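Worksheet: the structure to be examined is printed underneath.
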Amino acid sequence: MQRLPWPRGHGGGHDGWTGDVAQPPSTTPKASSTCWHASRTSSSKSVRRTVTLTLDGACLFSPTHYEYLFLPFDQRLCEAFETPFVHLHAAARQHFDAWTEISSLGLQCVIDQACLPEGRNQPIGPQIPDLLADFARIRRRKSLMLYGFWTEAWLRAVRDGLPASGCAITGMAQDQESLRRLLAGEQE
């Protein structure tokens, strides 16, 4: 690994940041020739806690290509941190099973919507009803964070279909009051 000089005194009360560039195994194609991670350092002790893998383009390649080109790097990267997680979009659901196999990796899935100028939201890609079976399979093995545009029906479907423990839901809503009532009823 080659050490990279990251800015010292990056703020937040930390001593600074360092980074590593990991060169791939010789069997890996050039398409994924470099991966990186950042580590928080405190004095002389390196503390590697969390890394976020952002895989917005994962929907563009097949599971076979992912497993051959990227999965070995993702596994190595996740082994170097206590709590790695991947930010992904629901359109990349063909890779859910591979990501579930990385035991320490948490998943943050964005259920995409386009906010149109006339104030209407347009679904893009798979939506909650299409994804519930996938999410249930993921929740049997690991934590899951969901982000999207929520309706009362979709929040109810997730609430009723997934265990609450280890599942976080964030996002936007057109009718926030109906979601508040639904959640308040859940606590009564």
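The values are calculated or read from the model by the stated rules, or taken from the named source; none is laboratory data. All values derive from a computational prediction rather than experimental measurement. Glycine gets a Cβ as well: all are built from the backbone with ideal geometry, and neighbour counts include every protein chain shown.
Points to keep in mind about this one:
- Residue in region 119-132 that is within 16 Å of residue 161 (Cβ to Cβ) and either in contact with a Leu (Cβ under 7 Å, 6 or more places away or on another chain) or buried (at least 21 other Cβ atoms within 10 Å of the Cβ) (or both) present: yes
- Selection count where residues are touching a residue at least 12 places away in the same chain (Cβ under 8 Å) and among the β-branched types (Val, Ile, Thr), scope region 54-77: 1
- Failed item, numbered, when residue 164 is tested on (1) at pLDDT below 90; (2) within 22 Å of residue 97 (Cβ to Cβ); (3) among the aliphatic types (A, V, I, L, M): (2)
- All positions within region 154-176 that are closer than 15 Å to residue 121 by Cα, in a helix (DSSP H, G or I) and either touching a residue at least 12 places away in the same chain (Cβ under 8 Å) or in contact with a Cys (Cβ under 9 Å, 6 or more places away or on another chain) (or both): 154
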